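Encoded as structure tokens, the structure appears first; notes follow it.
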Amino acid sequence: MSIKVAEVERTFGSFTALKHVNLTVEDGEFMAILGPSGCGKTTLLRLLAGFDAPSSGTIEMDGRVVGSPKQIVPPEKRNIGMVFQSFALWPHMNVRRHIEFPLMHHQFVSKALKKNMRQRADEVLKMIKLQDLAERMPEELSGGQRQRVALGRAIAPQPKLLLMDEPLSSLDAELRVAMRGELQEIHRLTGTSIIYVTHDQSEALAMADRIVVMNHGSVEQIGTPRAIYNHPQTSFVARFVGKANLVKGKWQGSFFSPQEAPDVHWEDHGVSEILKQESVYSLRPEQIEINQGDSGIPGEVANVQYQGKDIRYTVKTATARWQVDTDLTHNFHLGESVRLSIKSNL
Amino acid sequence: MNFLKFLSDEKERTVPRAAWLSFPIQTITFLCLVLLFVWPIFRLVALGFNSEHGVTFENYQTILSDPFAWRVVLNTLLISTCSMVIATVLGVSFAWLMAYVTIRGKKIMQLFIVLPFVIPSYITTLAWTQLFSENSLLAKLLSLFPGHLQPWNLYSYMGMIFILGITHYPLVYLFTVNVLRKIPREMEQACRVSGGSKALTFCRVTLPMALPGIVSGAFLAFLASLDNFGIPAFLGIPAHINVLSTYIYQQIIGFGPDAFARASVFSVLLGVLALLAMLGQWLLQRTFKAGATTSSERKPRYILSRHSRVVLELVIWLFFIATAMIPFVAMMMTSLLPAYGLDFTMQNMSLKNYAFVLFESPDTQLAIRNSLNLAVITTVIGAVIGTAFAYLQVRKSSRWLKLCESFISLPYALPGTVMALSMIFVWMEPIPGWNPGIYGSMTILFIAYFTRFLILQVRGSATAVLQVDRSMEEAAQVSGANGWTKWQKILIPLLIPGILSGASLLFLTALTELTVSALLYSAQSKTIGVVIFGYEQAGYTTFSTAFSSLIVLLILIGFAILSLVQTFWRRKEGIANVH
């Protein structure tokens, strides 16, 4: 299903949850909506599901207006499936009945599916690897299994759009990573469009075809994971997605001179116009070289965090604190004087 | 172009927002609510200012300058306050024990604590009077001791205060126990770690956090005492001790020339007292909400040694046996005597009274039929309307619905006598000069029960709706189910235990209601409460005790069945451990 969100705004009293949101989702695309809590991503998802109507603007699905301030197509009349953050499993139904429920009631279920409901349920159960636990009640399942039931219920009627509201956030860290692969597989198998809301940038980067980064109810940037990570358009995206240092200084043509070392020239590696206008250079922790030579910005190691595969240093310079990641071969201790420079092979 | 799009949308049946509450429906509902719930109160107040010469303060002037009237008000305040103290001490002690201390059998204890909710207060009173009567076993036991010991005369201020206190302590208990459980253990631990002793922790952390809960529970006990009719009617009327609720009743029954106007003034006095107490309770509850956490902890926090635990348990059980069992045994013993005053021996025992009550007296049979009818109809209609309202209130909260809720809770908040009186004034002649015959028939009882008790169902159902996360419904909607399917397959199965417990409370309250019925009954619409009260007033104690024993038995059986059904349902649907 293709989706077009045009100039959508949603206000609650005096609070504006969404401001001028514009975005399109192509048929079959996996789109992640990424942002901190309170950025409006869940509000946007609820508008897409039809639980709520925009205060202004329109939402189109396959060319038909489904949401506008005047009228909305309710969720049960949209060809969608949804996975809830809390899973929202019904405590009085077993796994099989959860899968069969949308097959029975969803309006867009094809006649063939409806006829072979049991067969389709078996197929879904197999897809979510719960064929042996079909008679279990939700309370008898582990977190990961409940997650899969919620997923199975959403995909069973073969909706053309799958909405996911932080579906992995209530799982533990290990399971979260394992489930990513399963979600991608489901996407490949079903070919439906997916809109996936998350606050975890690594989830979004790992799975999505494209990412929408939101902050304070506005869209900051839309792009592929690579574009978002390597070429953040705004300082918020640089900090939120890449954990980048925003170095203050001066842009002269395609060269940048940091404030703390005016005679140094950094080459432009694709810094956005917005950042240039703000006179900053976004530099992710792993793009910084740290050494004890005599060129570069002078600073002092203020904190050391050993992280296993690398080391994160906090370096205090005259006017800022820098986050720097190095491999394990570099070892500096607290209080040591160091120099910072940009890595040559960006 | 837009126009065309609109047409295609129309074909797909788009739903305009908030269609469920369109303006005309809203207005009609509002008018109905005002007519049923608010208008009667208005009529009642208005009548106090009424005289042959138009609007007047005359009634207020006469009554407020009458020292006897002030005596009644003072009695009411004195008795309510003292009984509130007893209820608070008992309620808080039990709440603390049940929430924090390691004792065994808490589930059964809890049942005994809430028993006074289940058994109507006039039956409890009857039971106690039998325990303390002149020819009871207790009296004989006391006469064995030297020094002319006699059982305590319950027909006195102290007797009324005592019975009111032990009837209303569960109110304080229920309020306090939840508050205590919600105080996070970490708060107390944080105080201990910061160097506070156990005593300091209790005084500076636990008590201040629990105080709003305790005080608002106490206010409720006070309100319940103001409202209570059964206890002062059974104990106070014979001893010529008047409180507002019984005094209003006697005014109406006495049918003096200015009875209605006087009763109206007294009702306004009682209503104002009740509203003041409610205001206090509401203000306190608001202060507590700010600091409360959502989760409640049930694990005990005070571990007792084996020895002191057993002693404590023994004391608690002795209390239950003395307050919740012995009086009822005494009542049952009286009911087995062929004539009041006979000694209780094997030869004297007979089931004659039961035979009379069950098969001979037309009054009791009629009363059982009437009460069952009223209770069933009120419960069924109440369950549907109450749950629907509770659902709207929780899910689509708005200022309008809040206003509606305060209308619905008004008749329950006001003392029963006041409420019943307002019903008389409205339904005797709804439009001046037109008497549709509602007053004096079962219909007025039904209207009164429905308006008074609807809020019980609303609260019960609202608790149930709150426990079902909104996403459960949204999941159903996304799966294609809305409207009736959603209710049938998702909401009703999830809500039914909560609806049932609200409905059973409503059913029971309606079945044994006395206060409102005592003012509204007619020969053909006597209820269980009215008949027991009538027997007692006429001196047929053997009949009243027999009938009461039967009712207690029925209630206990009903509750056993209900809890069986609920356990079965939970097991079947596997609801027990989710959330």
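Structure data summary
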{"item": "Matching strands (runs of 3 or more DSSP E) fully within the range A:1-82 where at least 3 residues are buried (at least 21 other Cβ atoms within 10 Å of the Cβ)", "result": "A:3-12, A:15-25, A:30-34, A:64-67"}
{"item": "Qualifying position, being in contact with a helix residue (DSSP H, G or I) (Cβ under 8 Å, 6 or more places away or on another chain), without any contact (Cβ under 8 Å) to a residue 12 or more places away in the chain, among the aliphatic types (A, V, I, L, M) and away from chain A (no Cβ under 14 Å), among B:I438, B:I447", "result": "B:I438"}
{"item": "Residue that is away from chain A (no Cβ under 11 Å) and at pLDDT below 85, where the choices are B:F547, B:F568", "result": "B:F568"}
{"item": "Of all residues making up the range A:35-77, the number that are at the interface with chain B (Cβ under 9 Å from one of its Cβ atoms) and hydrophobic (A, V, I, L, M, F, W, C)", "result": "7"}
{"item": "Among the candidates A:E286, A:E300, A:E278, residue that is within 19 Å of A:P232 (Cα to Cα) and open to solvent by 70 Å² or more (accessible area, probe 1.4 Å)", "result": "A:E278"}
{"item": "Hey, B:L505 in a helix (DSSP H, G or I) and open to solvent by less than 20 Å² (accessible area, probe 1.4 Å) or not", "result": "no"}
{"item": "Conditions (1) over 26 Å from B:A224 (Cβ atoms); (2) away from every other protein chain (no Cβ under 14 Å); (3) modelled with pLDDT of 90 or more; (4) open to solvent by 40 Å² or more (accessible area, probe 1.4 Å); number of the one not met by B:I492", "result": "(2)"}
{"item": "Flag for A:A32 being within 8 Å of chain B (Cβ to nearest Cβ), within 25 Å of A:M179 (Cβ to Cβ) and either out of contact with any Leu (no Cβ under 8 Å at 6 or more places or on another chain) or in contact (Cβ under 8 Å) with a residue 60 or more places away in the chain (or both)", "result": "no"}
{"item": "The range B:339-362, residues that are open to solvent by 40 Å² or more (accessible area, probe 1.4 Å) and closer than 16 Å to B:S548 by Cα", "result": "B:Y340, B:L351, B:K352, B:F356, B:L358, B:F359"}
{"item": "Residue in the range A:105-123 that is surrounded by fewer than 22 Cβ atoms within 10 Å (Cβ to Cβ), small (G, A, S), away from every other protein chain (no Cβ under 14 Å) and not in a loop (DSSP other than H, G, I, E, B) present", "result": "yes"}
{"item": "Matching residues in the range A:152-187 - criterion: being more than 11 Å from chain B (Cβ to nearest Cβ), assigned to a helix (DSSP H, G or I) and surrounded by 24 or more Cβ atoms within 10 Å (Cβ to Cβ)", "result": "A:G152"}
{"item": "Positions within the range B:7-56 being modelled with pLDDT under 75 and assigned to a helix (DSSP H, G or I), in sequence order", "result": "B:L7, B:S8, B:D9, B:E10, B:K11, B:A19, B:W20, B:L21, B:F23"}
{"item": "Residues being crowded, with 24+ Cβ neighbours inside 10 Å, of a type outside the set (S, T, Y) and farther than 22 Å from B:M442 by Cβ - total across the range B:518-544", "result": "1"}
{"item": "Checking B:E58 against (1) open to solvent by 40 Å² or more (accessible area, probe 1.4 Å); (2) out of contact with any strand residue (DSSP E or B) (no Cβ under 6 Å at 6 or more places or on another chain); (3) not basic (K, R), the condition it does not meet", "result": "(2)"}
{"item": "Any pair with Cβ under 6 angstrom, 6 or more apart, that starts in the range A:114-127 at a residue that is under 14 Å from A:A154 (Cβ atoms) and ends at one that is in a helix (DSSP H, G or I) and among the small types (G, A, S)", "result": "A:V124/A:G152"}
{"item": "Given (1) closer than 26 Å to A:N331 by Cβ; (2) among the β-branched types (V, I, T); (3) modelled with pLDDT of 90 or more, number of the condition A:V280 does not satisfy", "result": "(1)"}
{"item": "Selection status of A:A88, outside any helix (DSSP H, G or I) and either free of Cβ contacts under 8 Å to residues at least 40 places away in the same chain or open to solvent by less than 10 Å² (accessible area, probe 1.4 Å) (or both)", "result": "yes"}
{"item": "Within the range B:192-207, tally of residues that are over 17 Å from B:Y100 (Cα atoms) and buried (at least 16 other Cβ atoms within 10 Å of the Cβ)", "result": "1"}
{"item": "Given (1) in contact with a Phe, Trp or Tyr (Cβ under 8 Å, 6 or more places away or on another chain); (2) over 23 Å from A:K77 (Cβ atoms); (3) away from chain B (no Cβ under 11 Å), index of the condition A:R146 fails", "result": "(3)"}
{"item": "Number of the condition not met by A:F255 [criteria: (1) modelled with pLDDT under 90; (2) surrounded by 21 or more Cβ atoms within 10 Å (Cβ to Cβ)]", "result": "(2)"}
{"item": "Residues within the range B:169-226 that are outside any helix (DSSP H, G or I) and touching a Ser or Thr at 6+ places or on another chain (Cβ under 9 Å), tallied", "result": "2"}
{"item": "Test: residue in the range A:78-98 that is more than 28 Å from the chain's Cα centre (by Cα), farther than 29 Å from A:T43 by Cα, at pLDDT below 90 and more than 8 Å from every other protein chain (Cβ to nearest Cβ)", "result": "no"}
{"item": "B:F507 being away from chain A (no Cβ under 14 Å) and either in contact with a Cys (Cβ under 8 Å, 6 or more places away or on another chain) or modelled with pLDDT of 90 or more (or both)", "result": "yes"}
{"item": "Segments classed as strands (runs of 3 or more DSSP E), wholly inside the range A:245-303, with at least 1 members that are over 20 Å from A:R339 (Cα atoms) and not aromatic (F, W, Y)", "result": "A:245-252"}
{"item": "Cross-chain or 6+ apart pairs with Cβ under 8 Å, the range A:50-64 first and more than 21 Å from A:P159 (Cβ to Cβ), then at pLDDT 95 or above and loosely packed, with under 13 Cβ neighbours inside 10 Å", "result": "none"}
{"item": "Residue identified as touching a His at 6+ places or on another chain (Cβ under 9 Å) and surrounded by 15 or more Cβ atoms within 10 Å (Cβ to Cβ) among B:I86, B:I103, B:I119, B:I113", "result": "B:I86"}
{"item": "Test: B:Y100 is over 30 Å from B:R181 (Cβ atoms) and of a type outside the set (D, E, K, R)", "result": "no"}
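Here is a yes/no grid of residues against (1) open to solvent by less than 40 Å² (accessible area, probe 1.4 Å); (2) closer than 30 Å to B:E473 by Cβ; (3) free of Cβ contacts under 8 Å to residues at least 12 places away in the same chain:
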{"position": "B:L336", "(1), (2), (3)": "yes, no, no"}
{"position": "B:V384", "(1), (2), (3)": "no, yes, yes"}
{"position": "B:A390", "(1), (2), (3)": "yes, yes, no"}
{"position": "B:F425", "(1), (2), (3)": "yes, no, no"}
{"position": "B:G433", "(1), (2), (3)": "no, no, yes"}
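The values are calculated or read from the model by the stated rules, or taken from the named source; none is laboratory data. This is a predicted model, so every value here is computed, not measured. With ideal geometry, Cβ positions are generated from the backbone for all residues, glycine too; neighbour counts draw on all protein chains shown. These accessible areas exclude ligands, DNA and RNA; they are computed on the full protein's heavy atoms, side chains included. Shrake-Rupley method; radii C 1.70, N 1.55, O 1.52, S 1.80 Å.
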